[in-house]
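Visitor: Encoded as structure tokens, here's the structure I'll be asking about.
Please treat every number below as a calculation from the coordinates, not as lab data. None of the values given here were measured: they were computed from a predicted structure. Here the Cβ is made from the backbone with ideal geometry for all residues, glycine too, and neighbour counts use every protein chain on show.
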Amino acid sequence: MLQTAQRTGKPKTKKATPPHERFLEAFRWMLLARTVEEKLVSLYRGGLITGGVYIGKGQEAVSVACGLFLQKNDIFAPLIRDQAGRFAFGEPLVDVTRTYLGSRLGPMRGRDGNIHRGRPRDNQLAMISHLGAMVSVTVGALMAKRFRGEKNFVGLACIGEGGMQAGAFHEGMNIAAVEQVPLVVVATNNHYAYSTPNDREFACDDLVDRAIGYGFEGYSLDGTDLSACLDVIGGAVKRARAGRPPQLVVAEVLRLSGHGEHDDASYVPEEVKRQPFARDCLKVAEQTIIDLNLLDAETLAAWRKEAATQVDEAIATAQKEAAPEGGKEDWSAISTRELADQINDE
Amino acid sequence: MLQTAQRTGKPKTKKATPPHERFLEAFRWMLLARTVEEKLVSLYRGGLITGGVYIGKGQEAVSVACGLFLQKNDIFAPLIRDQAGRFAFGEPLVDVTRTYLGSRLGPMRGRDGNIHRGRPRDNQLAMISHLGAMVSVTVGALMAKRFRGEKNFVGLACIGEGGMQAGAFHEGMNIAAVEQVPLVVVATNNHYAYSTPNDREFACDDLVDRAIGYGFEGYSLDGTDLSACLDVIGGAVKRARAGRPPQLVVAEVLRLSGHGEHDDASYVPEEVKRQPFARDCLKVAEQTIIDLNLLDAETLAAWRKEAATQVDEAIATAQKEAAPEGGKEDWSAISTRELADQINDE
Amino acid sequence: MSITYLEAIREAQAKLLRDDERVFIYGQDVGGTFGGAFKATKGLAKEFPGRVLNTPISEDAIVGTAIGAAIQGMRPIVEMQFADFSSLALNQILNNAGTHYWRTGVPVPITVRLPSGGTKGSGPFHSQSMESIYAHYPGLTVMTPATVEDAYTMLIEAVAIDDPVIYCEHKYLYYHLKADKLPGKGLPTGHARVAREGRDLTVVSYSAMVQESLAAAEELAREGFELEVVDLRTVKPLDTDTVLASVARTGRLLCVGESFPWGGATAEVIARVTNQGFHLLDAAPQRINAKDTPIPYHPNLWSAHRPNTKNIVAKARQLLRE
Amino acid sequence: MSITYLEAIREAQAKLLRDDERVFIYGQDVGGTFGGAFKATKGLAKEFPGRVLNTPISEDAIVGTAIGAAIQGMRPIVEMQFADFSSLALNQILNNAGTHYWRTGVPVPITVRLPSGGTKGSGPFHSQSMESIYAHYPGLTVMTPATVEDAYTMLIEAVAIDDPVIYCEHKYLYYHLKADKLPGKGLPTGHARVAREGRDLTVVSYSAMVQESLAAAEELAREGFELEVVDLRTVKPLDTDTVLASVARTGRLLCVGESFPWGGATAEVIARVTNQGFHLLDAAPQRINAKDTPIPYHPNLWSAHRPNTKNIVAKARQLLRE
Ligand SMILES: Cc1ncc(C[n+]2csc(CCOP(=O)(O)OP(=O)(O)O)c2C)c(N)n1
Ligand SMILES: Cc1ncc(C[n+]2csc(CCOP(=O)(O)OP(=O)(O)O)c2C)c(N)n1
Ligand SMILES: [Mg+2]
Ligand SMILES: [Mg+2]
């Protein structure tokens, strides 16, 4: 007889012991991300950054895993909260400070700011704000590689649970499956899209259940557990590289900051902050390091110090550098100068 | 350990015996739909229709079930191939002929044509071409009813498997589930979007698996079997009306015509036409009528004749009526005349 | 008492919700305790339970839903989080809301609020002015209030209009503009306003550029020039008569808009004035728009990209010499 | 031999696929044995296996995919099934393709083909001309070929350009325009063309309206008037110099465009000419556009909605008298 579609059981993650072999490497990028973002926040509070500051606090474990398993030749489409992953993929620290501080030498040269940065020639795509749009762009980049006969590449695109509701995201997922490109999509459900909680974002039991409807393989993940992140996302990257269908990973965390630093997130109830998914992945990872004695206290302190020094240097560098100037700017939106429209009435 | 999301088993439909209690009523609308569409095709071939003709041949069983269980107060958002459902919901036959033949008295008054018609005041929405767009419009109409405190209403929106890949469709499905409106979405997979076969449209095993990812209840359906269509779609309407979550029904058929009458569909391989889903639902229903002796041969012949007569009359009516004239037209795109922009340089 | 442009928008919505049960507000983050990215709906969800609703990140469906509700008799107000994201709702706005009355005879009374225009550090995707795209297509009324009073009365008017209205509210004005109190009734929709009288040159502008134009007029007044500043209020319908009457007095026309230079409101004003008032002009009409590139993030670049008092003064001075 | 505008588009794509392995074609129904809703890619999927690909009904993702491929060095050609559906890809076109070079320094060489403009019985959603929306935003080159020769050379040129190009091909011209053979090289992109010389009045138009304008010129020639017809070829960049040179000869300007009246290409041309060539004009510039309603289905309404030879003649006659 007719029957409803079966709900898939919600896959559970289990804490991996001993930790993933790249645990410490990953942890170090997380530390750097947290350090630079904390510094950016304080600069913002001090009025030294124009525009917004958007940080990935609480999402570093998921994010770092997104960047760590990619090779230079792979495509990475990070989003708002992916500082850790950007570092792991190879973004220079100074790109961050230059972009936030509006240096003319940054990758965006002051034309765009904060998280809206990338180095497309180095395979790190530059997100546009419109959420969901970068998934299909990643698909296209992978198709180009296939057209050229490259082998062994993958692409990884990040999304929030909010962005998953955008039409562009749907079209991007579906076209990835139709084209069977080696894509991994990592969705982080941090329980909020700006101020909007999950119950006004979607109404399915588990977002990972969307995988089957696209022909993706789907995995759930406790995003507060670094080892699990490395296992699951690393596994997804490996499977995509090996020619399996596109992969969807849905990680659960809590956004441990405001949407941006202008936002005090007072709409997050205390009770939510006590949920297991609200753990701070960096602290959890640190506890693992201590519990399993992966590093001694001095090394940990030295790592911290080094991160702080690097960040201070990168900020100092960007602050020394010249800002762009309107009068000296090349005001052409296209590279083919002879095709630039001349309105001539200015 | 980590595991992939489980694929849902593909629900199977079973032929209901004896047929659904509204079988004959439904059949009669199907007959009328087939009759008028065949007539429109011959008018088109004779050069008497401007623009395109788009018919629902092979989809009448699904379509009629979409209209049949709705009440006046419900919302219906039909698409291209829903003549049978439109009739069952109450669309006057003359609306069809007037719109195709460009009478000034039709619901679109010559301003729009063919399938792009509706009577929004009578709860039959007028589709725009952009596929997927009408799902959220239906959601909004249902919200309005809820705001006003109406009870016991449902909405039903139709879509093709092609339109399911549009971003607007995704957003409409998701927002329906978030708003928990009493919506039924009936998707007809007729194996083609224009000339494009399923394998370039999507890559999941079964489109009904999308239900779970939205928080819909999902049902599969053999769209060539009228009784099954009435059971499954009727059941979905009943459940939505009773306050269950939104319902998705995915029916399988073959489009038994070109995309429009300008299209010979030569891209459909013979082998596809021999598949079970390629059966003509009208013929199957007729066979059931004969097999189960639901009607005697004279009655069947009389029904056919009556359909033909009604169609001829409706065409004659529309053909007699005046066409719109440019010089007499009220060229205002808005109802608030005093706000119409006056360019005055014509 | 003193009230900002932003507060006027909030107050207008509060009044609308209070006076008309058909009104509801729909958009990202408008509800809960939050009240919108700019707080234009602050407190309203609490005051009007169930009528100020957060939505998913689904611009197409947000507007589609509003359209369906409007067809069924409601008066939805949609807040786009930023005008720039309305690119994703554009199809529903242009092809569904904009065509519905023409096609079916049933109007679609939705109001879409677009937080528009540039502010410091907002960059290419949080700074756009999209009025020209919406005005180009048939079926929409496009409002661009430039004062606190208009922000208030025009929003109330927008919801009263039986047809779709695109209400472009300028983010820069949110906090920068203040009035003493809220007005009773404003000018009728579709009527431009002479914001400052003058006889030497007509500056036609709208939204935030009215303030820049007024500042320019002030500056040139010190040099003895009298600029007349016309605030279009709605760019569609466009009140050509008021503009022509002004040009008849001054003989000179300068149009100022913040959106991109090709096409758009400034081109439209010039096309109408030269068509219907060619003989009124003593000199070539001029216009100032933003530059033809995306809107830059860096304040140095942004202030060069956007029209401002300085270049209005410079252009006006040049035009006054002709 | 005789070749249509549509065949020229197909031939250009065949040549591009043949000559440049970076080229692929992406869009609904372009592949298989079908070759597109208008057959503009007929046979190409077979001739170039794996390089002419059918897509899902996903306009946003189609363009997004093309952008990603272009960033990685490919030269995708996207076919929208109808220009009207590009409203759903508009965000990717304006905000992703259009901003990418400015933001990152990496250009995005995609070509988006838009089957544009009205034909009998096509109605509100299969008749639109969207060039004005794309030209308004920065970052795009917008081509509007009016001849078989331009259809061919400009498409080849479009793919050669390192930046995004919106190529508006007119559906009415598909079968109605024929040439004897395909040309070698055309005028450079961005250069307008004097399609007919005359000294009494300049008609500026583009796409299908060039043919209507030429027919109007023909008709008025019988009355002794010599109209000069300028074909813009690209509406962005807009070749103001060629237009000004013509107006310098004739002193009179009439602009004709098929898109909606508020703020499109015709307004832009008038704004430029009156700004830079005010003294050249002996009479008020005029324009003709479609009406400000959706495009009607019925041929009677459609022919009243769309500019045509008859109203060009009427308006030109009136302008010649001034
Ligand atoms: C299409 C679109 N609409 C609206 C916005 C404005 N906006 C920026 S971030 C955001 C919330 C995003 O939520 P989510 O995707 O869950 O990511 P998170 O911020 O939680 O990491 C919104 C609504 C946007 N960027 N894109
Ligand atoms: C968004 C959008 N893109 C393109 C089209 C052009 N188009 C009209 S019908 C059609 C195929 C529709 O396929 P499907 O949804 O499966 O419905 P079917 O025709 O098979 O009933 C296409 C591509 C459209 N109507 N809407
Ligand atoms: Mg989130
Ligand atoms: Mg289909």
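Visitor: What is segment C:41-149 by shape, rounded, prolate or oblate, if you read a ≥ b ≥ c off the alpha carbon gyration tensor as root eigenvalues and call it rounded for a/c under 1.5, prolate for a/b larger than b/c, and oblate otherwise? Could you put the intermediate results ahead of the total?
Guide: Numbers: a/c = 1.67, a/b = 1.13, b/c = 1.47.
It comes out oblate by the Cα gyration axes.
Visitor: Report the Cα centroid-to-centroid distance between segment B:300-337 and segment A:159-207 in angstrom, as an integer.
Guide: 46
Visitor: Sticking with this one: Got a sec? Charge dipole of segment C:3-179, +1 on Cβ for Lys and Arg, -1 for Asp and Glu; which of C:TYR172, C:ILE156, C:ILE67 is way out at the positive end?
Guide: My answer, from the dipole projection, is C:TYR172.
Visitor: Moving on to the next point. Report the GluC sites (Glu not before Pro) located in segment B:135-174 that are in a DSSP loop and have at most 14 other Cβ atoms inside 10 Å of their Cβ, or state none. Before the final figure, lay out each step's value.
Guide: Values: sites: B:GLU150, B:GLU161, B:GLU171; in loops: B:GLU150, B:GLU161.
Those satisfying the criteria are B:GLU150.
Visitor: May I pose another question? Given the rule -39500 (n - 2.57) for each run of at least 4 DSSP H residues, summed and divided by the residues of chain A, what is its mean residue ellipticity at 222 nm, to the nearest 500 deg cm²/dmol?
Guide: Details: 11 runs with 136 residues, N = 346.
Computed mean residue ellipticity for chain A: -12500 deg cm²/dmol.
Visitor: How far, in degrees from 0 to 90, does helix D:59-71 lean away from the longest principal axis of the Cα atoms of chain D, to the nearest 10?
Guide: On a 0 to 90 degree scale, this one is about 80.
Visitor: In addition: Take C:MET143, D:MET209, B:MET127 and order them by how many other Cβ atoms sit within 10 Å, fewest up front. Walk me through the numbers on the way to the answer.
Guide: Values: C:MET143 30, D:MET209 34, B:MET127 24.
By the 10 Å Cβ count, ascending: B:MET127, C:MET143, D:MET209.
Visitor: With Cβ to Cβ distances under 10 Å as the rule, what net charge do the other residues near A:ILE315 carry (K, R +1; D, E -1)? Kindly include the intermediate steps, with their values, before the conclusion.
Guide: Values: positive: A:LYS39, A:ARG98, A:LYS320; negative: A:ASP312, A:GLU313.
So the environment of A:ILE315 carries a net charge of +1.
Visitor: Further question: Give the nm distances, rounded to one decimal, from A:ASN198 to the matching residue in every other copy, measuring between label points 7 Å along Cα toward the beta carbon; shortest first.
Guide: Copy-to-copy label distances at A:ASN198, shortest first: 3.3 nm.
Visitor: Here's a follow-up. How well do other chains shield peptide C:254-264, expressed as the mean number of their Cβ atoms within 10 Å of each residue Cβ? Could the numbers behind the result be given before it?
Guide: Working: counts 0, 1, 0, 0, 0, 3, 6, 8, 21, 19, 9.
If you average over the peptide's residues, the count of other-chain Cβ atoms is 6.
Visitor: Same structure, new question: Can you tell me the order of A:307-317, C:263-273, A:74-84 when each peptide is scored by its average per-residue count of other Cβ atoms within 10 angstrom, highest first?
Guide: Final packing ranking: C:263-273, A:74-84, A:307-317.
Visitor: Going highest first, how would you order D:222-235, B:274-287, C:64-77 by mean Cβ packing within 10 Å? Mind dumping the intermediate values first?
Guide: Working: D:222-235: 21.9, B:274-287: 17.1, C:64-77: 27.0.
Highest mean packing first, the order is C:64-77, D:222-235, B:274-287.
Visitor: On to the next question. May I ask which of A:LYS39/A:LYS145; A:LYS145/C:LYS291; B:LYS283/B:LYS305; B:LYS328/C:LYS236 have a Cα-Cα span longer than 27 Å here? Spell out each step's value before the answer.
Guide: Details: A:LYS39/A:LYS145 38 Å; A:LYS145/C:LYS291 36 Å; B:LYS283/B:LYS305 17 Å; B:LYS328/C:LYS236 25 Å.
As for pairs spanning more than 27 Å Cα to Cα, those are A:LYS39/A:LYS145; A:LYS145/C:LYS291.
Visitor: Using only Cα atoms, find the angle between the long axis of helix C:5-19 and the longest principal axis of chain C, and express it within 0 to 90 degrees, rounded to the nearest 10.
Guide: 40
Visitor: Something else: Which Cα, out of A:SER136, C:ALA271, C:MET1, lies furthest along the positive dipole direction of the protein assembly as shown (beta carbon charges, K/R +1, D/E -1)?
Guide: A:SER136
Visitor: What is the sum of charges, Lys and Arg at +1 and Asp and Glu at -1, for the other residues whose Cβ falls under 11 Å from the Cβ of B:ARG22? List each step's numbers first, then the result.
Guide: Working: positive: B:ARG28; negative: B:GLU21, B:GLU25, B:ASP231.
After counting each charged neighbour, the total is -2.
Visitor: Here's another thing I want to ask about it. When the Cα centres of segment A:214-243 and segment C:78-99 are compared, how far apart do they sit, in Å?
Guide: 36
Visitor: Cβ neighbours within 10 Å, averaged per peptide: list A:245-252, A:322-329 in order, most packed at the top. Intermediate results must be reported in sequence, preceding the final value.
Guide: Working: A:245-252: 27.0, A:322-329: 14.5.
The most tightly packed comes first, giving A:245-252, A:322-329.
Visitor: Separate question: Relative to the other copies, what are the label-point distances for A:ARG45, with labels 7 Å from Cα along the C-beta vector, expressed in nm at one decimal and sorted shortest first?
Guide: The answer, with the shortest distance listed first, is 7.9 nm.
Visitor: Using a 10 Å cut-off around each Cβ of peptide B:205-211, what is the average number of partner chain Cβ atoms that fall inside? Intermediate results must be reported in sequence, preceding the final value.
Guide: On the way: counts 3, 4, 1, 3, 10, 8, 6.
Mean partner shielding for this stretch: 5.
Visitor: Could you work out the Rg to Rh ratio of the protein assembly as shown, with Rh taken as the Kirkwood radius (inverse of the mean 1/r over all Cα pairs)?
Guide: On the way: Rg = 30.4 Å, Rh = 31.7 Å.
With Rh from the inverse mean 1/r over Cα pairs, Rg/Rh is 0.96.
Visitor: Here's something else I'd like to know. Taking amide H atoms as placed 1.01 Å from N in the peptide plane, list the residues 5 or more away in sequence, or in a different chain, whose amide H sits under 5 Å from that of C:ILE57.
Guide: A:GLN165
Visitor: Which one, C:HIS305, C:GLY121, C:THR41, projects farthest toward the positive side of the charge dipole computed for chain C from Cβ point charges (K/R +1, D/E -1)?
Guide: C:GLY121
Visitor: Also: Between beta-carbons, use under 15 Å as the cut-off and find the net charge around C:PRO124, counting Lys and Arg +1, Asp and Glu -1.
Guide: On the way: positive: A:ARG109, A:ARG111, A:ARG117, C:LYS120, C:LYS171, C:LYS291, C:ARG306, D:ARG103; negative: A:ASP112, A:GLU329, C:ASP84, C:GLU258, C:ASP292.
Counting the neighbours of C:PRO124, the net charge comes to +3.
Visitor: Something else about it: Give, rounded to the nearest 20 debye, the magnitude of the charge dipole that chain B has about its Cα centre when Lys and Arg contribute +1 at Cβ and Asp and Glu contribute -1 at Cβ.
Guide: Charge dipole of chain B: 880 debye, to the nearest 20.
Visitor: Using a label point 7 angstrom from Cα along Cα-to-C-beta, what distances in nm, from shortest up, separate B:GLU313 from the other copies?
Guide: Its label point is 9.1 nm from the equivalent points in the other copies.
Visitor: Between segment D:114-183 and segment C:254-285, what's the alpha-carbon centroid distance in Å?
Guide: About 28 Å separates the Cα centre of segment D:114-183 from the one of segment C:254-285.
Visitor: Pick out, in residue order, every one of the trypsin sites (Lys or Arg not before Pro) in segment D:84-147 that is DSSP loop and has at most 15 other C-beta atoms within 10 Å; say none if there are none.
Guide: Working: sites: D:ARG103, D:ARG113, D:LYS120; in loops: D:LYS120.
Hits after loop and neighbour filter: D:LYS120.
Visitor: Mind checking D:279-289 for the average number of partner chain beta-carbons within 10 Å of each residue's beta-carbon?
Guide: Details: counts 2, 0, 4, 1, 2, 9, 6, 6, 7, 2, 3.
Whole-number average of other-chain Cβ neighbours for D:279-289 is 4.
Visitor: In which sequence would B:LEU221, C:LEU320, B:LEU292 go, from the one with the fewest C-beta neighbours within 10 Å to the one with the most?
Guide: Details: B:LEU221 28, C:LEU320 17, B:LEU292 12.
Ascending number of Cβ neighbours within 10 Å: B:LEU292, C:LEU320, B:LEU221.
Visitor: Here's a follow-up. Going by alpha carbons, how many degrees (0 to 90, nearest 10) lie between the helix axis of C:208-221 and the longest principal axis of chain C?
Guide: Compared with the principal axis, the helix lies near 30 degrees.
Visitor: Follow-up question, since we're still on this one. Return the calculated 222 nm mean residue ellipticity for chain D, to the nearest 500 deg cm²/dmol, obtained by summing -39500 (n - 2.57) across DSSP H runs with n ≥ 4 and dividing by the residue count. Each step should come with its number before you reach the end.
Guide: Numbers: 12 runs with 122 residues, N = 322.
My calculation for chain D gives -11000 deg cm²/dmol from helical runs alone.
Visitor: In chain B, what residue has the beta-carbon at the shortest distance from the axis of the rotation relating B to A, and what is that distance in angstrom, rounded to the whole number?
Guide: B:GLY167, 1
Visitor: Mind putting a number on the dipole of the protein assembly as shown about its Cα centre? Charges go on the C-beta only, +1 for Lys and Arg and -1 for Asp and Glu, and I need it in Debye to the nearest 20.
Guide: Numbers: 146 positive and 162 negative charges, 208 e Å.
Dipole magnitude for the protein assembly as shown comes out near 1000 debye.
Visitor: Got a sec? How would B:LYS238, C:LYS291, A:LYS145, A:LYS305 order by Cβ neighbour count within 10 Å, fewest to most? Working shown, then result.
Guide: Numbers: B:LYS238 14, C:LYS291 22, A:LYS145 25, A:LYS305 11.
The order, fewest Cβ neighbours first, is A:LYS305, B:LYS238, C:LYS291, A:LYS145.
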